[in-house]
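The values are calculated or read from the model by the stated rules, or taken from the named source; none is laboratory data. Note that this is a predicted model, so its numbers are computed, not measured. Using ideal geometry, Cβ is built from the backbone for each residue, glycine included, and neighbour counts are taken over all protein chains shown. Accessible surface is based on the protein model in full, side chains and every heavy atom, while ligands, DNA and RNA are left aside. Shrake-Rupley method; radii C 1.70, N 1.55, O 1.52, S 1.80 Å.
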Amino acid sequence: PVMSITKSWMLIIRSETRTIIFAWSLTVSTLVAAGLRIEIPRLIATSIGGYFLSLSIYVFSDMCDIDEDRINSPCRPLASGAVSNRDAVILMILIGFGAFYAAFSISMRTVAYFAVAFLLGIFYSAPPFRGKKHFPHKIVIPAAGAIVCSLTGGVIVGQTNGAIILASIVFAVFSLVTIFLGDVADLNGDRSSGVRSISVLIGAENTVKITLML
């Protein structure tokens, strides 16, 4: 039923508020590259495309991480069984298509950068590569994704300058902070599922110290 699948999609969307960070980063980097002078329709397409791309990557990751989430976050929609895998797949396809349609409306270079970001998400979560289970892939891939996200802002307006490069580095460091904090929270689940996160390798206390330094 339409109401049932819509409710499932809303549960997933509400559980993935962190995706707004990537959309916000793309929007800000685009404004920085454009010197705040950009057509409103292009900025809207950028923000919506970035949000849909990020959300599709996170939904895909959730589908791959159900076993770990049943330990770390049992209340999440897929892990709890509140949302079916089929509904998640349909949502991922729809918003993925929306993301690339928005990118196509901007430029083919934007489509290429979106494709790189999506492939990084696949390599991070999907078997057999499943970079999130291995060190240092678990931190390198998300940091690379953050850099690509920021650089895309420069590509959208055709201007990659020092400010954009600095923004990409800052966002990469910020992404590491969120990853390390998540690793501390997910320590038990990561250990039981064989994920070689930094908190598993050096302990939660040392991970917190590195996070504070970053």
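Structure notes:
- From its DSSP helices (H runs of at least four residues, each -39,500 (n - 2.57)), the chain gives a residue-normalised ellipticity at 222 nm of -26000 deg cm²/dmol.
- Per residue accessible area of the chain, 1.4 Å probe, in Å²: 51 Å²
- Global geometry of the stretch 99-148, whether rounded, prolate or oblate, following the gyration tensor of its Cα atoms and the 1.5 cut on a/c: prolate
- Debye intensity ratio in log₁₀ form over the Cα atoms of the chain, taken at each q of 0.08, 0.14 Å⁻¹: -0.29, -0.87
- Dipole axis of the chain (+1 Lys, Arg; -1 Asp, Glu on Cβ), positive-most option in Ser73, Phe171, Thr110: Thr110
- Rounded percent of accessible protein surface that carbon and sulfur make up, the chain, 1.4 Å probe: 71 percent
- Cα centroid separation, the stretch 54-80 to the stretch 118-160 (Å): 19 Å
- Checking every one of the GluC sites (Glu not before Pro) in the stretch 1-70 against DSSP loop status and a limit of 16 other Cβ atoms within 10 Å picks out Glu39.
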